[in-house]
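The values are calculated or read from the model by the stated rules, or taken from the named source; none is laboratory data. Keep in mind the model is a prediction, meaning the values are calculated, not measured. Ideal geometry is used to build each Cβ from the backbone, glycine not excepted, and the neighbour counts take in all protein chains shown. All accessible areas refer to the heavy atoms of the entire protein, side chains included, with ligands and DNA or RNA removed. Shrake-Rupley method; radii C 1.70, N 1.55, O 1.52, S 1.80 Å.
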2 protein chains.
Amino acid sequence: MPDTSDLQLDKMRDAASQASALLRSLGNQDRLLLLCQLSQEELCVGDIEERLGIHQPSLSQQLGVLRRDRLVTTRREGKRVYYQVADAKVLTLLQTLYQLYCAE
Amino acid sequence: MPDTSDLQLDKMRDAASQASALLRSLGNQDRLLLLCQLSQEELCVGDIEERLGIHQPSLSQQLGVLRRDRLVTTRREGKRVYYQVADAKVLTLLQTLYQLYCAE
DNA sequence: CCAACAATATATATTTCAATATATTATCTC
DNA sequence: GAGATAATATATTGAAATATATATTGTTGG
């Protein structure tokens, strides 16, 4: 029979499973950079390509990962596809990371 | 010749490189769980094993990763090795993750 | 149909994971 | 001080996931 501490451990494991999945999604230089861009404004693939100098197929692949993990959503406008951040947790984490690595 | 925006991009890339490395270090369920334990108090391997139910070799391997990435330090006391968190950024991130996944 | 924009496919190299086995270090007992 | 034991670390292996570069395909608008 599970006791209180086992239940707590299950909850911790569940939280850790979700949290570590998000950390892996962000744990790539290119994905992190492009999420930083998207956290400021909605952008299409070409915009991101130009800003970050990441080649298109590579960019599309990373965007595909973020789509799969439901961290971004897309909107097509003619030939262009616009991306935006779809997960509030991402924005919170990006803010923390900004403080740790980009602020004085 | 690099202009201002190139310099900014270099800085961003550097920050993203460091940040994404940290995210990868934390991006594993077992490592995240054991860092959560260590964020509360210094613990030896056996303590962690008992609390989390992770098998010893697996635990030692994950602790080895955290040592390699300089996120924890160790102190030997007789047969036991005590671990503690050595990186303030880890504590900050854990706090944010706690708010996102463990708080109501 | 052609050009622009984006996604997918393919191939290869690398990293990571998980399980098992073995080694190291320190303590204890005789 | 020579084993025996406890605590921890390392090695090994095979499978799975990820990264990276290039090539190809799909979609839309002109």
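Among the residues examined, residue A:75 does not qualify as assigned to a helix (DSSP H, G or I) and surrounded by fewer than 18 Cβ atoms within 10 Å (Cβ to Cβ). When each of B:6, B:47, B:10 is tested for being within 17 Å of residue A:9 (Cα to Cα) and among the acidic types (Asp, Glu), the lone residue that passes is B:47.
Do the conditions hold for residue B:98, that is, is it surrounded by 11 or more Cβ atoms within 10 Å (Cβ to Cβ), more than 13 Å from DNA strand C (Cβ to nearest atom) and more than 14 Å from chain A (Cβ to nearest Cβ)? No.
Annotation note: of B:7, B:93, B:63, the sole residue that is closer than 29 Å to residue A:52 by Cβ and in contact (Cβ under 8 Å) with a residue 24 or more places away in the chain is B:93.
Only one entry of A:104, A:50 meets the criterion of being closer than 23 Å to residue B:90 by Cβ and among the acidic types (Asp, Glu), and that entry is A:104.
Starting from residues that are of a type in the set (Asp, Glu) and within 16 Å of residue B:86 (Cβ to Cβ), keep the ones in region B:30-52 and report whichever is least open to solvent (accessible area, probe 1.4 Å). Within region B:30-52, the match that is least open to solvent (accessible area, probe 1.4 Å) is B:42.
In this structure, residue A:84 does satisfy being more than 16 Å from DNA strand D (Cβ to nearest atom), outside any helix (DSSP H, G or I) and out of contact with any Pro (no Cβ under 9 Å at 6 or more places or on another chain). Per the conditions (1) touching a Leu at 6+ places or on another chain (Cβ under 8 Å); (2) within 29 Å of residue B:29 (Cβ to Cβ); (3) within 12 Å of DNA strand D (Cβ to nearest atom), the sole criterion not satisfied by residue A:29 is (1). Of the helices (runs of 4 or more DSSP H) lying entirely inside region B:1-70, those containing at least 1 residues that are within 8 Å of chain A (Cβ to nearest Cβ) span B:4-26, B:29-40, B:45-52.
In region B:52-81, of all residues being out of contact with any helix residue (DSSP H, G or I) (no Cβ under 6 Å at 6 or more places or on another chain) and away from DNA strand C (no atom under 13 Å from the Cβ), the one that is farthest from residue A:26 (Cα to Cα) corresponds to B:73.
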